[in-house]
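Report on the structure given below.
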Amino acid sequence: MLLSVFSMPAQGAENPSDLNLPVMRNLDSHHIRLVVASAPEMTDRFRERVTHIFITAGLPLYSQAQTHTAPTALLKLTLNPAPLGEICPTKVLYTPSLVLIEPVIVPRNSEVMQDITWSAETSPQARPPLTIEELEQDLDWLVSRFIEAYQLANPARRQQKVESEQTNSMNPHGDDAPARLTPDTRTGVSMHGLALDRVQLSAVAGRLTSPLATRALRQFTAAGLPMSLEPQGQDTASLSLEMTQRPIGEHCPGKVLYEAGLFLVEQVSLIRNQRIRIWSDTWTREHIQIVPPVSVEQLESDQESLVGEFLRAFQAN
């Protein structure tokens, strides 16, 4: 199955599909803790497989048995098809991904948040259940993609040796160790210091893009808050309203995959190297559903709800 890589360009200089990303440079694999999100009965098997691949590549991941320091980054593998039940009998919703999670700092208020700095993932898909072999095929592809990116960005580490491969192999449960980092990357930061007159409002909603953008703008105007649909500068923030629905096809006839979200996108700096900046969602609200085609009235209602939640969060600061 074809997977795609999506990652934020650093300082606008890199192609998002470029494997040799600045965010990967000088990243020490010893400080990356593995987290696996899968069916409980598969977690150990997948963790051991990932650990083995990294050891074979000469890139040992964090192991509490080898260090008393806390990890500085997480590598989260998600292979967790979710049954769709009565919505689409015998089908699952599947979104395989591998993401690197690190602390970043938001320049406007100096708050720190956990952020995805590199990712390989797909859009959600409805499909028949996968075999273990199919899941492992995706695992291998995702992990190889990360290792390729890591080695391209850190050529000096290609020959990095495992200090104790035996110890690492005997302790594959690295994600059971206590750590300061958390896999939750969607908590965002406060709105403190955010200047709305420097934020561009945008929308992605197919043929309803312009009408929904105009409706959202009216909500801000009614609240007495400045907002514009025009670009506010190359490095300024944006508030992106995204409301899309796409047919699922033969796997779920008569249904669509409906994604509705509002995302505040700003530049943030990596804690481990503050010269590197990436674009990140510093505040987000999003839901994904499989439903019959969504009416214009429902889209408008969801748009008002999303913008209303943003307005309440902003006014609370």
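Quick notes on this structure:
- Segment ALA223..ARG275, full-extension length gain: 15.0 nm, with 0.36 nm per residue of separation and the alpha-carbon distance subtracted.
- Summed side-chain charge close to GLU230 - residues other than GLU230 whose Cβ falls under 14 Å, Lys, Arg +1, Asp, Glu -1: 0
- Within region 204-275, trypsin sites (Lys or Arg not before Pro) in DSSP loop having at most 16 other beta-carbon neighbours inside 10 Å: ARG275
- Solvent-accessible surface (1.4 angstrom probe) belonging to HIS192, in square angstrom, nearest 10: 120
- Computed extension gain for GLU86 through ILE55, at 0.36 nm per residue and net of the alpha carbon distance, reaches 6.9 nm.
- Solvent-accessible ranking of VAL296, VAL268, largest area first, probe 1.4 Å: VAL296, VAL268
- Region 207-317, relative contact order [Cα under 8 Å, separation at least 6], %: 24
- Taking a sphere under 11 Å around the Cβ of VAL143 and counting the other residues whose Cβ falls inside, with K and R at +1 and D and E at -1, yields a net charge of -2.
- Normalised per residue, the accessible area of region 176-308 is 50 Å², obtained with a 1.4 Å probe and no contribution from ligands, DNA or RNA.
- Potential lengthening between ALA316 and THR214 on full extension [0.36 nm per residue; Cα-Cα distance subtracted]: 34.3 nm
- Dipole magnitude (debye, nearest 20) for region 196-317, charges at Cβ of Lys, Arg, Asp, Glu: 280
- If R0 is taken as 22 Å, the Cβ-Cβ distance between SER123 and GLU304 corresponds to a FRET efficiency of 0.30.
The values are calculated or read from the model by the stated rules, or taken from the named source; none is laboratory data. Predicted model only: the values in this text are computed from it and were never measured. Backbone-built Cβ (ideal geometry, glycine too); neighbour counts: all protein chains shown. Please note that ligands, DNA and RNA were not included when accessible areas were found on the heavy atoms of the full protein model with its side chains. Shrake-Rupley method; radii C 1.70, N 1.55, O 1.52, S 1.80 Å.
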